[in-house]
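The values are calculated or read from the model by the stated rules, or taken from the named source; none is laboratory data. Remember, predicted model here, so these are calculated numbers, not experimental data. Quick reminder, even Gly has a Cβ in these numbers, built from the backbone with ideal geometry, and neighbours come from all protein chains shown. Heavy atoms of the whole protein, side chains included, go into the accessibility calculation; ligands, DNA and RNA do not. Shrake-Rupley method; radii C 1.70, N 1.55, O 1.52, S 1.80 Å.
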Amino acid sequence: QVQVVESGGGLVQPGGSLRLSCEASGNISRIFAMGWYRQAPEKARDMVAVLTTTGSTTYGDSAKGRFTISGDNADKTVYLQMHNLTPEDTARYLCNARYYGAKGNAVDAWGQGTLVTVSS
């Protein structure tokens, strides 16, 4: 089993920056992708950024070129560096780890999220 825990959220002013962290534990050798998603009240969950163990990255439209995902393959830790934050970025940011199951199927592990509030 794989577990993930997020940290780094908080209150930041518009235009500010924030760095989120996600640490995976358990059977981390089976992880092949990790990413960040966010969910605001009364809004759909958005994919923010995904990083595979081969180094490929994917960014959602919500990132708008302002966010960067990075990570460590050995420790299965990922980071989300966010710049030029706006109130529209206010949400709970969830970490996802996708890993191989017993039959080679993909299984998702989700953290409880870390709150990011952008307000003056």
Reachable aspartates and glutamates from residue 64, Cα under 13 Å, same-chain residues fewer than 8 places away excluded? 46, 88, 89
Rounded to the nearest 20 Debye, what is the dipole magnitude of the range 4-120 about its Cα centre when Lys and Arg each give +1 and Asp and Glu each give -1 at the C-beta? 180
Relative contact order %, the chain, counting alpha carbon pairs below 8 Å whose residues are six or more apart: 36
Inter-site label distance for residue 64 and residue 40 at 7 Å from Cα along Cβ, in nm: 0.9
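Quick one: ranking 47, 34 by accessible area, 1.4 Å probe, largest first, what do you get? Spell out each step's value before the answer.
Numbers: 47 55, 34 5 Å².
Reading off the accessible areas and sorting them downward yields 47, 34.
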On average, how much accessible surface per residue is there in the chain, in Å², for a 1.4 Å probe, leaving out ligands, DNA and RNA? 54
Would you please state which residues of the range 6-36 a label at residue 86 would reach in this model, taking the label point 7 Å out along Cα→Cβ and a backbone N cut-off of under 14 Å? 14-16
Name the residue farthest towards the positive end of the dipole of the range 75-120 from the options 119, 83, 94, assuming +1 on Cβ of Lys and Arg, -1 on Cβ of Asp and Glu, about the Cα centre. 94
Ignoring ligands and nucleic acids, residue 79 exposes an accessible area, probe 1.4 Å, in Å² to the nearest 10, of 60
Excluding ligands, DNA and RNA, the carbon-plus-sulfur percentage of the accessible area of the chain with a 1.4 Å probe reads 47
Projected onto the charge dipole of the chain (+1 at Lys/Arg Cβ, -1 at Asp/Glu Cβ, origin at the Cα centre), which of 107, 17, 35 gives the Cα projection farthest towards the positive end? 107
Can you list the HN-Hα couplings for the range 39-45, worked out from phi with the Karplus curve (6.51, -1.76, 1.60; θ = phi - 60°), rounded to whole Hz and with x for Gly and Pro? 9, 9, x, 6, 10, 6, 6
Computed lengthening from residue 11 to residue 110, 0.36 nm per intervening residue step minus Cα-Cα distance: 33.4 nm
Quick one: which residues, 5+ away or cross-chain, put their amide H under 5 Å from the amide H of residue 32? H built at 1.01 Å from N. 98, 99, 100
